[in-house]
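Let me begin by presenting the structure, written as structure tokens, before commenting on it.
What follows draws every value from the coordinates through simple rules; no lab data is involved. On a predicted model such as this, the values are computed, not experimentally measured, just so you know. Reconstructed Cβ throughout: ideal geometry from the backbone, glycine too, with neighbour counts over all protein chains shown.
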Amino acid sequence: MSGFIEFLKIVVFGLVEGFTEWLPISSTGHLILVENIVHLNVSDDFMNVFRVVIQLGAILAVLVLYFRRLNPWDPGKKEPQRLATWHLWFKIVIACLPAAVVGILLDEILDTYLYNPYVVAAMLIIYGILFIVLEKHNEFLDFPIKKVSQISYLNAFYIGLFQLLALIPGTSRSGATILGAMLLGCSRTAASEFTFFLGIPVMFGASLLKIIHYGLAFSAVEIFFMLAGMVIAFLVSMYSIKFLLNYVKRHDFRFFGYYRIVLGVIVLIYFGLTALLAL
């Protein structure tokens with residue numbers, strides 16, 4: 001019975017990760033809140049690897065949904081289309097370089113000192129306000145960059161610099177890159193899609209780092225839990241990505257800004273009261 005209850009908890013984690021990874025609302029913020037409400041009876045090493053494994057499931061959804069577009073060897077593509085696909089991948093790599101370098105150097109430091117609910121709450125609120133302010137400014141703006149293919153190599157690098165902000169838990173990787181891309185003139189759709197693509201090498205790299213650091217010396221049940229969480233995150237992400245793209249065609253990001261602020265306040269209140277009651 002206890003094993004089944006733990007499995008249900010894994011399902012909750014997979015659902016939360018799959019839905020929040022691609023929305024600019026911080027999957028980390030939601031997972032920290034869930035971790036403190038739905039306690040998994042597992043080791044710290046398992047939890048550290050599990051967090052990135054379920055993110056890997058979310059990334060696989062991007063590969064499936066955009067497989068043809070991201071595949072330069074697709075037999076249905078003509079030479080100009082193949083060349084455009086290679087250019088897209090080169091831009092993705094360039095955009096990932098800042099986070100890759102800084103992430104490798106500071107990974108353990110960031111986890112040790114910044115992975116806590118108060119930092120997450122602050123980032124949720126700050127970026128929520130930024131989304132609202134930016135969208136009020138953009139209300140009547142005609143974005144010059146309407147498609148991902150129009151993003152230049154230099155802008156790709158600048159978007160990568162914005163992605164550095166997401167190394168602070170609670171910022172939201174998609175939130176930071178979407179904000180940055182829009183400030184550089186990208187439409188909401190172009191910013192969202194480029195963010196999806198950036199997630200592929202970033203999250204694969206993060207998963208690899210964690211696996212190298214912690215290894216895979218887990219029991220068969222723990223491996224099953226990891227795979228189950230990954231599959232659930234993958235399936236939910238398929239819906240989440242389609243939802244966001246359909247949403248931004250008709251709306252701006254202000255709703256997510258308000259949502260972030262409310263969630264940040266809830267996180268502060270919850271963990272503040274918990275700390276007070278523990279005195």
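Listed by first and then second residue, the pairs with beta-carbon distance under 7 Å, at least 6 apart or on different chains, first residue in region 60-75 and touching a residue at least 60 places away in the same chain (Cβ under 8 Å), second surrounded by 14 or more Cβ atoms within 10 Å (Cβ to Cβ) and small (Gly, Ala, Ser), are Ala61/Ser237; Val62/Gly199. The residues in region 103-124 that are buried (at least 19 other Cβ atoms within 10 Å of the Cβ), over 23 Å from Gly205 (Cβ atoms) and in contact with a Gly (Cβ under 8 Å, 6 or more places away or on another chain) can be counted, and the count is 2. Which of the residues spanning region 153-181 are in contact (Cβ under 8 Å) with a residue 60 or more places away in the chain and more than 15 Å from the chain's Cα centre (by Cα)? Across region 153-181, the qualifying residues are Tyr153, Ala156, Phe157, Leu161.
Here is a check on your reading of the model: is Phe271 closer than 24 Å to Ile126 by Cα, in a helix (DSSP H, G or I) and in contact (Cβ under 8 Å) with a residue 24 or more places away in the chain? The answer is yes for Phe271. Scanning region 181-196 for residues being part of a helix (DSSP H, G or I) and surrounded by fewer than 21 Cβ atoms within 10 Å (Cβ to Cβ) gives a total of 2.
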